[in-house]
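Structure, as structure tokens:
What follows is calculated from the coordinates using simple rules that are stated; it is not laboratory data. Being a predicted model, the structure only gives us computed values, none of them experimental. Cβ placement follows ideal geometry from the backbone for every residue including glycine, while neighbour counts extend to all protein chains displayed.
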Amino acid sequence: MTNAVLDRVEQMDCQTAMRQLWDYLDTELTEARALAMRAHLVTCGPCYGHYDFARHFLDALEAQLQAQVAPRILHARVLGALRAEGFQPQFGEV
Amino acid sequence: MLPVDPATIPDPAPASRPGDSSFEQTALPWLDAVYRFARSLARNEADADDLVQETFLRALRAWHTFHADGDCRRWLFAICHNAHLGGIRQAGRRPAAVDGDIDSLPAVLLHHLAVKDGTDELLARLDLRPALSRALATLSEPFRAVVLLVDGEGHTYTSAAEVLGVPVGTVRSRLFRARRLLQESLFACARDAGLTTEPPLSDSR
């Protein structure tokens, strides 16, 4: 981010930035707030450290949660229950 | 008239219903995602399996009400959550009241302390997967559900609120508290591993 761009964005103090950290990582901030947050993070080492930790934490959490898949036996059981209701799969495997 | 043994009457060939094919192609691929959500809601694996089956049975019966351009995963999650709530009511259990965090500051302060005492650096050397798995297991259902929806499945706060039938602010505060609790567990795990007995480098200078 160039100095010219930084001059135009809203100034944000550390406490305000860190109150909005989760909202920022979840892309739930308005464009203007997100821009101010980015500007703060590139100029504030301690806040960037908290941001970096939070980002890695969320990445690890997502990977952990996504790794869980239903056992094959459950796929078969659900398909069996649906067939008993009259469901006719065209392609076979769930 | 000759007596007819009912057992000898063949079942009429079931006619393929309109919509079966679209249900198969649109709803069934979300089975793994519904399973993950059910695991976050149910108390054990057997209950989660029952919940997944009940979700797809309800979804099949209501398939004609699903809009083709709608978000099928979110629709299935909402059915799953409703089925879960129905089970809770039948069992006479009441969902636990929960308090959330108003913003991310408590989590940041927690990390700040971990940086100061060296736990943060030690956590970086820890295999996060088993630690996270244990930490997730300690969360109560309202927290697990929102973490699964937003952090696991990438729902927005609004979308998660629609699935759970709660205000967006409730999703947000539960999510923030859940993440802080998970981080607390991770830091505790690093400490339990006996890794924080050495004084942090910054204090030894």
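If we count GluC sites (Glu not before Pro) as exposed when they sit in a DSSP loop and have at most 14 other beta carbons within 10 Å, what is the longest stretch of chain A that avoids them all?
On the way: sites that count: A:GLU10, A:GLU85, A:GLU93.
Here the longest segment lacking exposed loop sites spans A:11-84.
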Cβ neighbours within 10 Å from other chains - mean over B:35-43: 2
Ordering of A:65-73, B:136-144 by burial proxy (mean other Cβ atoms within 10 Å per residue, highest first): B:136-144, A:65-73
Residue-span extension gain [B:THR156 to B:ARG134] - 0.36 nm each, minus C-alpha spacing: 5.4 nm
Relative exposure of B:TRP75, B:TRP63, judged by other C-beta atoms within 10 Å (fewest first): B:TRP63, B:TRP75
Residues in the range B:30-61 that a label on A:GLN88 would reach, taking backbone N under 11 Å of a point 7 Å out along Cα→Cβ: none
Projected label distance in nm at B:ALA124 and B:ALA91, using a 7 Å step from Cα toward the beta-carbon: 4.2 nm
Shielding by other protein chains, A:78-86, mean Cβ within 10 Å: 5
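Taking beta carbons within 10 Å but only from partner chains, what does the mean come to for residues A:13-20?
Values: counts 0, 1, 3, 2, 2, 8, 6, 3.
Across the residues of A:13-20, the mean count of other-chain Cβ atoms within 10 Å is 3.
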Two-site label geometry, B:ARG58 and B:ILE102: point separation in nm, points 7 Å out along Cα→Cβ: 3.6 nm
Contour excess over end-to-end distance, with Cα ends at B:SER21 and B:ALA46 and 0.36 nm allotted per residue: 6.1 nm
Residues B:ASP69 and A:HIS56, FRET efficiency given R0 of 35 Å [Cβ-Cβ distance, rounded to 0.05]: 0.45
Mean Kyte hydropathy of 0.0 or more with a Cα span along the axis of at least 15 Å, helices from DSSP in chain A: A:31-43, A:72-84
CD proxy at 222 nm, helix term only [per DSSP H run n ≥ 4: -39500 (n - 2.57); per residue of chain A; nearest 500]: -21000 deg cm²/dmol
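Rounded to the nearest 20 debye, what is the charge dipole size of the range B:71-160 about its Cα centre when +1 sits on each Lys and Arg Cβ and -1 on each Asp and Glu Cβ? Provide the component values of the computation, followed by the final result.
Numbers: 10 positive and 11 negative charges, 103 e Å.
Result for the range B:71-160 is approximately 500 debye, rounded to the nearest 20.
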Gaussian network model of chain A, Cα within-10 Å springs - most flexible of A:LEU58, A:LEU82, A:LEU41: A:LEU82
Charge-dipole axis of the range B:42-182 as Lys and Arg at +1 and Asp and Glu at -1 on Cβ define it, positive-most pick from B:ILE79, B:GLY118, B:VAL150: B:ILE79
